[in-house]
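Just below is one structure, and these are the notes that go with it.
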Amino acid sequence: MADSIQKVGVIGAGQMGNGVAHVAALAGYSVILHDVSTERLKEAMATINGNLARQVARNVITEDARKTALGRITAADAMSGLSDCDIVLESAVEKEEVKREIFHELCTVLKPEALIGSNTSSISITRLASSTDRPERFIGIHFMNPVPVMELVELIRGIATDDATFETAKAFVTSLGKQIAVAEDFPAFIVNRILLPMINEAIYTLYEGVGNVEAIDAAMRLGAHHPMGPLELADFIGLDTCLSIMQVLHEGLADSKYRPCPLLVKYVEAGWLGRKTSRGFYDYRGDKPVPTR
């Protein structure tokens, strides 16, 4: 465990947040999981329990480790529950104004020496840090989805992030059993700078009628050995998140190659966001996923 960190706060009990809470508790940290929705907190605790049980079934961890990890996580529906955390990891929706509001509120309750990490997948760390009272103690800590399974974490310094924060964050991420890739503070960092334009191009390929959903996904699964086709992956990530990242790339780098595909925009406008809404490029409401185009 990173020496100066004992208690970890996680803001946002969605897919990413509950994954971060899961790995931190398993690594021996006390975890406070905060969300404004008590319903989401209940669902998150059930998800964490289910994911830990799956790890027991696969002999990745013991039953005792599952019980102990679960016992280390406390749900809190008020921001004040994070007041004595040593580091707080924000894992809210990928919208800058929402994150800024969260940081503003967090800074009023958080002890002065605590670090803040953002799990943003694309937004400027320097800009987010400027909305806090501690830009030198702010850093990007970008986990991959699903957090308990994926080995990589991107670490991103803002212009003001100091060396002590960077070293502590590095030790903390390593203690979770993750590998680190250090990225510069450019739109979408490394993974999504490469991955999302590929997904966007796959959507253009569909939009222009080059291939249907099944053909495009099969082509990349079987022709490039990707574990998931790009449209299936887009549904897994969430089409709203894909669109947000492409917009950050397009606005931040001012290059037309990052223009979000109009079909992606249309799906998001329809509320077809992928798995989480049961419809995206596939319809998940039946026994098996069926392409929607």
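Name the residues in the stretch 1-60 that are more than 18 Å from residue 173 (Cβ to Cβ) and of a type in the set (Ser, Thr, Tyr), would you?
If the condition is that a residue be more than 18 Å from residue 173 (Cβ to Cβ) and of a type in the set (Ser, Thr, Tyr), then 37, 38, 47 are the ones that fit.
Just one of 98, 93 is closer than 28 Å to residue 237 by Cβ, within 17 Å of the chain's Cα centre (by Cα) and without any contact (Cβ under 8 Å) to a residue 12 or more places away in the chain; which is it?
On the way: 93 fails: without any contact (Cβ under 8 Å) to a residue 12 or more places away in the chain.
Result of the check over 98, 93: 98.
One line per residue, one yes/no per condition, for (1) among the small types (Gly, Ala, Ser); (2) out of contact with any His (no Cβ under 9 Å at 6 or more places or on another chain):
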site	(1), (2)
21	yes, yes
48	no, no
83	yes, yes
86	no, yes
104	no, yes
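Specify which of the listed residues (212, 200, 192) is out of contact with any strand residue (DSSP E or B) (no Cβ under 6 Å at 6 or more places or on another chain) and under 21 Å from residue 14 (Cβ atoms).
On the way: 212 fails: under 21 Å from residue 14 (Cβ atoms); 200 fails: under 21 Å from residue 14 (Cβ atoms).
The conditions single out 192.
Would you check if residue 233 is surrounded by 14 or more Cβ atoms within 10 Å (Cβ to Cβ) and either in contact with a helix residue (DSSP H, G or I) (Cβ under 6 Å, 6 or more places away or on another chain) or in a loop (DSSP other than H, G, I, E, B) (or both)? Even if it seems obvious, please write down each step before you answer.
Values: surrounded by 14 or more Cβ atoms within 10 Å (Cβ to Cβ): yes; either in contact with a helix residue (DSSP H, G or I) (Cβ under 6 Å, 6 or more places away or on another chain) or in a loop (DSSP other than H, G, I, E, B) (or both): no.
Judged against the criteria, residue 233 is not a match.
Output the qualifying pairs, or none if there are none: Cβ atoms under 6 angstrom, residues six or more apart or on different chains, first residue in the stretch 263-277 and touching a residue at least 12 places away in the same chain (Cβ under 8 Å) and among the aromatic types (Phe, Trp, Tyr), second residue surrounded by 15 or more Cβ atoms within 10 Å (Cβ to Cβ) and outside any loop (DSSP other than H, G, I, E, B).
Filtered contacts from the stretch 263-277: 267/239; 272/279.
Taking the stretch 60-106 as the region of interest, how many residues are polar (S, T, N, Q) and either modelled with pLDDT under 95 or farther than 21 Å from residue 49 by Cα (or both)?
We begin by selecting, within the stretch 60-106, every residue polar (S, T, N, Q); these are 62, 68, 74, 80, 83, 91.
Checking the rest, the ones that are also either modelled with pLDDT under 95 or farther than 21 Å from residue 49 by Cα (or both) come to 80, 83.
Residues meeting the conditions: 2.
Kindly indicate whether residue 122 is farther than 30 Å from residue 61 by Cβ and either in contact with a Leu (Cβ under 7 Å, 6 or more places away or on another chain) or in contact (Cβ under 8 Å) with a residue 40 or more places away in the chain (or both).
Working: farther than 30 Å from residue 61 by Cβ: yes; either in contact with a Leu (Cβ under 7 Å, 6 or more places away or on another chain) or in contact (Cβ under 8 Å) with a residue 40 or more places away in the chain (or both): yes.
Here the answer is yes, as residue 122 does meet what is asked.
So is residue 197 within 25 Å of residue 124 (Cα to Cα), part of a loop (DSSP other than H, G, I, E, B) and of a type outside the set (Gly, Ala, Ser) or not? Can you show your working first?
Values: within 25 Å of residue 124 (Cα to Cα): yes; part of a loop (DSSP other than H, G, I, E, B): no; of a type outside the set (Gly, Ala, Ser): yes.
Spelling it out, it is not the case that residue 197 is within 25 Å of residue 124 (Cα to Cα), part of a loop (DSSP other than H, G, I, E, B) and of a type outside the set (Gly, Ala, Ser).
Is it fair to say residue 70 is more than 24 Å from residue 180 (Cα to Cα), of a type outside the set (Gly, Ala, Ser) and outside any loop (DSSP other than H, G, I, E, B)?
Numbers: more than 24 Å from residue 180 (Cα to Cα): yes; of a type outside the set (Gly, Ala, Ser): yes; outside any loop (DSSP other than H, G, I, E, B): yes.
Yes: the conditions hold for residue 70.
Taking the stretch 102-114 as the region of interest, how many residues are within 18 Å of the chain's Cα centre (by Cα) and without any contact (Cβ under 8 Å) to a residue 60 or more places away in the chain?
Taking the stretch 102-114 as the starting set, the residues that turn out to be within 18 Å of the chain's Cα centre (by Cα) are 102-103.
Right, trim to without any contact (Cβ under 8 Å) to a residue 60 or more places away in the chain and you get 103.
Of the residues in the stretch 102-114, 1 are within 18 Å of the chain's Cα centre (by Cα) and without any contact (Cβ under 8 Å) to a residue 60 or more places away in the chain.
Starting from the stretch 279-293, keep only residues that are assigned by TED's automatic domain parsing to the domain that holds residue 237 and more than 13 Å from residue 231 (Cα to Cα), then list their pairs with residues that are among the hydroxyl-bearing types (Ser, Thr, Tyr) and outside any strand (DSSP E or B) whose Cβ atoms are within a distance under 7 Å, requiring at least 6 positions of separation or different chains.
284/278; 285/278
When you go through (1) at pLDDT 95 or above; (2) of a type outside the set (Asp, Glu); (3) over 15 Å from residue 207 (Cα atoms); (4) part of a helix (DSSP H, G or I) one by one for residue 265, which number turns out not to apply?
(3)
Tell me which of these residue 204 doesn't satisfy, since it passes every other one: (1) crowded, with 18+ Cβ neighbours inside 10 Å; (2) part of a helix (DSSP H, G or I); (3) in contact (Cβ under 8 Å) with a residue 24 or more places away in the chain.
It fails just one condition, (1).
Can you name the residue in the stretch 239-262 that is in a loop (DSSP other than H, G, I, E, B) and either among the basic types (Lys, Arg) or touching a residue at least 40 places away in the same chain (Cβ under 8 Å) (or both) and, of all such residues, is surrounded by the fewest Cβ atoms within 10 Å (Cβ to Cβ)? Write out each step before concluding.
Of all residues in the stretch 239-262, those in a loop (DSSP other than H, G, I, E, B) come to 254-255, 259-261.
Keeping just the survivors that are either among the basic types (Lys, Arg) or touching a residue at least 40 places away in the same chain (Cβ under 8 Å) (or both) gives 259-261.
Details: 259: 13, 260: 20, 261: 21.
Applying the filter and picking the extreme gives 259.
Counting only residues that are surrounded by fewer than 24 Cβ atoms within 10 Å (Cβ to Cβ) and of a type in the set (A, V, I, L, M), which one in the stretch 2-15 is farthest from residue 79 (Cα to Cα)?
Initial filter on the stretch 2-15 (surrounded by fewer than 24 Cβ atoms within 10 Å (Cβ to Cβ)): 2-7, 14-15.
Restricting the remaining residues to those that are of a type in the set (A, V, I, L, M) gives 2, 5.
Numbers: 2: 24, 5: 19 Å.
Once the filter is applied, the top-ranked residue is 2.
The values are calculated or read from the model by the stated rules, or taken from the named source; none is laboratory data. Treat the numbers as computed from the prediction; the structure is a model and nothing was measured. Because the Cβ atoms are built from the backbone with ideal geometry, glycine has one as well, and the counts that use them run over all protein chains shown.
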